[in-house]
Each structure stands twice: as C-alpha cells, then as structure tokens.
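The values are calculated or read from the model by the stated rules, or taken from the named source; none is laboratory data. None of the values given here were measured: they were computed from a predicted structure. Note: ideal-geometry Cβ built from the backbone for every residue, glycine included; neighbour counts use all protein chains shown. These area figures cover heavy atoms from the full protein model, side chains too; ligands, DNA and RNA do not enter into them. Shrake-Rupley method; radii C 1.70, N 1.55, O 1.52, S 1.80 Å.
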Amino acid sequence: MKKVTGVLATLCAAYAWLRVRWRFGFALSVLFALAITVSGRIAWLHVVRHDFLAEQGDKRSLRHVPISAHRGSITDRNGEPLAVSTPMITLWANPLELVADEERWPELAQALDAKPDALAGRIRANASRSFMYLERGVTPEQGARVAALGIAGVYQREEFKRFYPAAEVTAHLVGLTDVDEKGREGIELAYNDWLAGVPGKRRVLQNRKGQIIADIQVVQNAKAGQAVALSIDLRLQYLAHRELQRTIQEFKAKAGSLVMVDVKTGEILALVNYPTYNPNNRATYSGEGSRNRALVDVFEPGSTVKPFTIAAALDSGRWHPSSTVDVGNGRMMIGKYTIKDVSRGGVLDLTGVLKKSSNVAVSKIALDVGGEPVAAVMQQVGFGIDTGLGFPGESSGVFPVYPRWRSVETAAMSYGYGFSVTTAQLAHAYATLGNNGISVPLTLLRQDRAASQTPVLNPHTSQVVLEMLRSVVEDEGGGGARARVPGYHVAGKSGTAKKTTGRGYTEDSYRSLFAGVGPVSEPRIALAIVIDEPREGGYFGGLVAAPAFSRIMAGTLRLLNVRPDNLPESMAQNSTQQRGRS
Ligand code: VPP
C-alpha cells in the first residue's frame, strides 16, 4: 500500500512538473511564433513591399502643384494691347494653422483691407479645414505686404488675370476668358490653344496638416502662350466705334454693325457692333451685347448689291454704261408680284439706275442677262460663301442654289432680296470691287499682304462700276451725297430694306445700309455699315448710314496718310510738297 502511495506520489510530482514544463513550453512556442510572424511581416514590408509603400508614403507627403503659364497677349496690328494677362496674387490660408495665432488676425485683416470681425468669422467657420481663400486677385504689392507679416498658415500663389484695355471697343472681336483663363468667346476662344501655353509642375513636400514644408524641384517649367496680332488698327476701331454709337443714338436705332477692310490685303482693320459690353466687368455681359453681329447675323442686303447686278450685266457684253432702261411709272408686274421703285422713274442709263436706285431697272436688266450669270457674280464676290475667319459662330449667309432661276427670284436677287449676307460679306464684296475685281480672302490676323488673289470680276468692269458709284456719291441727286469725303473721291451705295417677320415684310421697321470704297483713284479701304431699325429722324440708308460712312472714311484716310485725290489744283501741289518733306 505504501508502495502504491509512493508511486502515485511520484506520478503526481511528475505530472505537476510536466504540467509546469508544458505551460512553459507552450508559452515559449507562442512567443517564438509571434517573433517569427513579426519579423516575417517586417521582412515582407521592408523587402517585398518596400517600393509600393515608399510610393504610398510619398503620395501622402509629396505633391505636384501647377505653375500657371503666362497666357499670350492679343494686340492690334501695331502692337497695342487688346488682351493682357497681368500677374495677380491669390492669398489663401490653412485654418488649422491659423487658429493657433488668433491674436494676429486683426493685423491680417488690416493688410487684407477686410473687417476684423468678418475675417475672424470666416476663419472660425473653416477651422477644421486645411484650405480657405483669403483674397483672390490682389496686386503683387498687397501680396508682399501680407507676406511681410509672417503669419503662420498664410500662403500665396501667383496667378494671372486677363485685362482688356480697349474694353467695349474690341469686346466682340477679342472675346473673353473664364476665371481659369480658358478662352470662352471670340479670338480668346478661337486661338485658345495658341494663347494658352502649357502649365508647369512643381514638386513640394507637405506635412500631415497640408502645410508645404519644402520645395523639392520644378518638374516642368511653364511654357508661356504665344501672342496673337490682329489685323485691327485700334485707332480706326475707336473711330468706327464712336461713329457707329453716335449714329445709333441719333436715330434711336436698335443695333448696328460695321466692317472695314484693307482692299489690298483683305485684312479687317475695324469691326464694330452695337450694343456692346465691358469684358472687364462681367456684370455688363448679355447675350444681345456680346453677339458679334458683323460676323454672325445675316440680313437681306437690299440695294447695296445692285452694283454687282450691273457688273454682271456689263460682263455679259449685252449692256454698256450708256445702255438705257425705261422704268416707266416705276412699277412692274411679274406674275402676281409688283416691283416698285421708291423714287420717280423715266429713262435711265446704268449710272442713273444706281443713282435713282431703281428696283424696276435692275430687275429688267437681270431678267435680260439671266438669273444664273447674276447669281454667279453674287457668289464670286462672296455672298453665301464662308468668310473663313475661323471665328466662333461665323455665318456664311444664305444663297439659294436654284437649278433654274425663275423670273421672280431673279428680279428679287437683282436688288438684294431672297438671299442673306453678313456685314463682313458685304464689306468683302466691295473690297473686291475696289481691288480691280480681284478677290482676296478676309483675315482677322495681321498679315500685311494678300494670302491669295483670285480674279473674279473683269478689271475693266470693276473700274466702270466704281466710277458709277462715285457718281452716286458726287452727283447731285445721286442718293449718296451724305457719304462725301472732303479731299477724296469715294464710291458707294445706300440701301434701305424692310425687315421681315414670320409673316413677310414689315411696313414700319427697316435696315439702313451704306457700303463703299475710297479713294476711287487707288482704293485702299472698303467699308460697310448696317444700322438696324432706326426709329427717329428717318430710315433711308442715304440719310442714316451715309453720314457715318463719310466721317469714318474721312478719319481713316487721314490717319493712314492716304494721298488726297480730290483737292483743288493749288492745294494738291501743296500736299505733294508736304509729303516730300516728311
Ligand atoms: S430708295 O434702293 O437707301 O437712300 O426699295 O424693302 O422693294 O420688293 N432706299 N429701298 N424695298 N422691299 N421686297 C430706297 C433710296 C433709299 C430703296 C433702296 C435711294 C431713297 C436709300 C427699297 C425698299 C423700301 C424693300 C421700299 C424701303 C422689300 C422686299 C422691296 C419702301 C422702304 C421688295 C420684296 C420703303 C422682294 O434701297
């Protein structure tokens, strides 16, 4: 029994010992396994996943910040600025940092020209964020003043702001950019890629709060945008703007547009619309005020195209300047349609047809020549053809393509109805007439010489028609007396066209036009003016639009130093001497 007890005791002791050892072994192996796992994990992270993790870390602390590229400027043909980007400072803050420095807020507010309470309120409202704007678009001087305070959490960034020195005078043409300096309208939109340049990149190191701790490197320098030099001459643009505005106010008109072309190069020297807006003040922006009517809006050109009907007649060989038409009582029936003249009839030679602006006469002439040849001339001088300026919304006008021209259509076309054109197309057609019948493409870019030259009218015909249009302006009763320019011979034609509504021609709203070239001896300038709905003081083109034509043409020829071709003998000599001296 004692033996049994002894064995049991031994067993128990062994058991107890084993139990202790087992626990110890177990604990040991657990610790060992843990150590293996941890070091394995360390090895895994350090060796296998190292690159990935390093990259992730950098992503959280290294940032690329953009460097804005300087947007190219837009200038007139002489380098006068029309759109420029000026450096501006954007001040921003990290409220997480700024809250710590509350006693300095009043100083900051003073430097920002802000009310201390308002600033404090804004900082508190953003207290949990790491970014807030303090002020956008301040001058570099003000930016420097704020920086000099050395308040932690206040940062600045250089940006650019677009400024338009000629404001409403060039608004429709130059267009504008959005807040991020992306082109939205006009040349700013059409040439955006060229103007914009390429933004650069800077690598910076940030801490957990988003503070920039260090500038690492410039990864890519910003590439500045390129400048665009327009064909516009700002002096002529101002002159044209002033006179168009004055005309619209004088006759209480709704709107107007004007295009001036260098006859030899096709360059648009002035392009003006009214109403307008100030691109520096977006509050003045409206759909009506921002439309570039001269390139976008189309209208029936009325009598201003009669010279081209006459050109087609002369080119046909069936008509000569001395050929006559009898317009009888100034009325003519074609089927159920009546063609009427505004002024009295009689027997007219071709110059007389233009001077009296007889609808009946040009209709008879066109019916004799045939619709196709007349339509061909209209298209050759550019009606219905894309003006190719690349301007957003630019219109080609509407010129119908009839396989056969019927009499009504032919007659209406001969005096400017049944098709529609832009003011730019009208100026272009007159430029071709003034350029010996050679068509040169229009351009809004400074070019100094014709991009191409296409003869479209017989040179002799062009000269004869131009001479007739000189009579329209210079002869008594020619209808264009108000377009005369002292010292120069100019040629031109008025037009008055009833406007259409959905239900045909109105009896109380008109479009008054005048188009012409000068000086006649060696044409330099073509000018087309359209006044939309004059309401007071008359509505005939010869009364409303011709005076503006005269003043703008006079100012232009003088500014461009064009030699007068219509001075009395003694004065002409004087002028030659002066020119020789300068
Ligand atoms: S005569 O030559 O501009 O100085 O004939 O709108 O005739 O058949 N213009 N205007 N017609 N329609 N359909 C005048 C003028 C003056 C003339 C012109 C030298 C004194 C000037 C018109 C014009 C008209 C017209 C007639 C205007 C409408 C369309 C037609 C009456 C104002 C016509 C249908 C009153 C195809 O420009």
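How much accessible area per residue does segment 441-582 have, in Å², with a 1.4 Å probe? All intermediate terms of the calculation are to be shown ahead of the outcome.
Details: 6770 Å² over 142 residues.
Here the per-residue accessible area is 48 Å².
Segment 101-186: which chymotrypsin sites (Phe, Trp or Tyr not before Pro) are DSSP loop and have at most 13 other beta-carbon atoms within 10 angstrom?
Those that pass, being in a loop and sparsely packed, are Phe131.
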Open item on the list: Taking the Cα centroid of segment 498-572 and of segment 209-251, what is the distance between the two, rounded to the nearest whole Å?
Closed with: 31
Task: Total charge dipole magnitude, the chain, about the Cα centre, Cβ charges on Lys, Arg, Asp, Glu only, Debye to nearest 20 - done: 2720
Task: Label-zone membership for segment 227-246, site Trp194, 7 angstrom Cα→C-beta point, backbone N under 11 Å - done: 227-231
- [ ] Using a 1.4 angstrom probe on heavy atoms only, work out the carbon and sulfur share of the accessible area of segment 184-318 in %.
- [x] 49
Open item on the list: How large a share of the accessible area of segment 403-484, in percent, is made up of carbon and sulfur atoms when the probe is 1.4 Å and the other protein chains stay in place?
Closed with: 47
Open item on the list: Testing the spin-label approximation: label points 7 Å from Cα along Cα→Cβ at Asp475 and Arg282. State their distance in nm.
Closed with: 5.7
Task: Estimated vicinal HN-Hα couplings, Hz - segment 505-519 in sequence order (Karplus 6.51, -1.76, 1.60; Gly, Pro = x) - done: 7, 7, 10, 9, 9, 10, 10, 9, 10, 8, 9, x, 9, x, x
- [ ] Leaving out ligands and nucleic acids, note down the accessible area per residue over segment 354-394 with a 1.4 angstrom probe, in whole Å².
- [x] 32
TODO: For Ser73, list long-range residues whose amide hydrogen, built 1.01 Å from N in the peptide plane, is under 5 Å from its own amide hydrogen.
DONE: Ala227, Val228
- [ ] Using only Cα atoms, find the angle between the long axis of helix 50-61 and the longest principal axis of the chain, and express it within 0 to 90 degrees, rounded to the nearest 10.
- [x] 60
- [ ] For an R0 of 51 angstrom, estimate the FRET efficiency from the Cβ-Cβ distance between Ala147 and Lys499 and round to the nearest 0.05.
- [x] 0.30
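Give me D for the chain in µm² s⁻¹, whole number, from Stokes-Einstein with Rh from the Kirkwood sum over alpha-carbon pairs, 10 °C and 1.306 mPa s.
Roughly 54 µm²/s, to the nearest whole number.
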- [ ] Enumerate the calculated ³J(HN,Hα) couplings along segment 241-251 in order (Karplus 6.51 cos²θ - 1.76 cosθ + 1.60, θ = phi - 60°), each rounded to whole Hz, writing x wherever the residue is Gly or Pro.
- [x] 4, 4, 6, 5, 4, 4, 4, 5, 6, 4, 9
Task: Full-extension gain in nm, Ala54 to Ala120, via 0.36 nm per residue minus C-alpha separation - done: 19.8 nm
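So what is the relative contact order of segment 103-191, in percent, for Cα pairs below 8 Å that sit 6 or more residues apart?
Working: 62 pairs, mean separation 15.2, N = 89.
Computed over segment 103-191, the figure is 17 percent.
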Task: Helix axis angle, 359-369 relative to the chain longest principal axis, alpha carbon, degrees - done: 90
TODO: Please work out the Cα center distance from segment 437-493 to segment 44-118, rounded to the nearest Å.
DONE: 57
- [ ] Estimate the FRET efficiency between Tyr133 and Arg558 by the formula 1/(1 + (r/R0)^6), using the beta-carbon distance for r and 51 Å for R0, to the nearest 0.05.
- [x] 0.50
TODO: Can you list which of the GluC sites (Glu not before Pro) found in segment 467-511 are DSSP loop residues with at most 15 other C-beta atoms within 10 Å?
DONE: Glu476
TODO: Can you tell me the dipole magnitude for segment 231-330 around its Cα centre, using point charges on the Cβ only (Lys, Arg +1; Asp, Glu -1), in Debye to the nearest 20?
DONE: 300
Task: DSSP-assigned coil residues among trypsin sites (Lys or Arg not before Pro) in segment 435-541, each with at most 16 further Cβ atoms within 10 Å - done: Arg449, Arg503, Arg535
- [ ] Give a residue-ordered list of calculated ³J(HN,Hα) values for segment 263-272 (Karplus: 6.51 cos²θ - 1.76 cosθ + 1.60, θ = phi - 60°; whole Hz; x for Gly, Pro).
- [x] 4, 7, 9, x, 6, 7, 8, 8, 8, 10
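So if each residue of separation counts as 0.36 nm, and I subtract the Cα-Cα distance between His46 and Ile67, what length gain in nm does that give? Mind dumping the intermediate values first?
On the way: separation 21, 0.36 × 21 = 7.56 nm, distance 3.55 nm.
That pair, His46 and Ile67, stretches by 4.0 nm at full extension.
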TODO: State the extension gain, in nm to one decimal, for the chain segment bounded by Val408 and Leu28, taking 0.36 nm per residue of separation less the distance between their alpha-carbons.
DONE: 125.6 nm
- [ ] Compute the separation of the alpha-carbon centres of segment 387-426 and segment 267-302 and state it in Å as a whole number.
- [x] 21
Open item on the list: So, R0 is 22 Å and r is the distance between the beta-carbons of Lys182 and Ala224; what FRET efficiency does that work out to, to 0.05?
Closed with: 0.85
Task: Pair Arg246, Thr86: separation of 7 Å Cα→Cβ label points (nm) - done: 3.0
Task: When segment 63-112 is reduced to its Cα atoms, the Kirkwood hydrodynamic radius in Å - done: 15.0
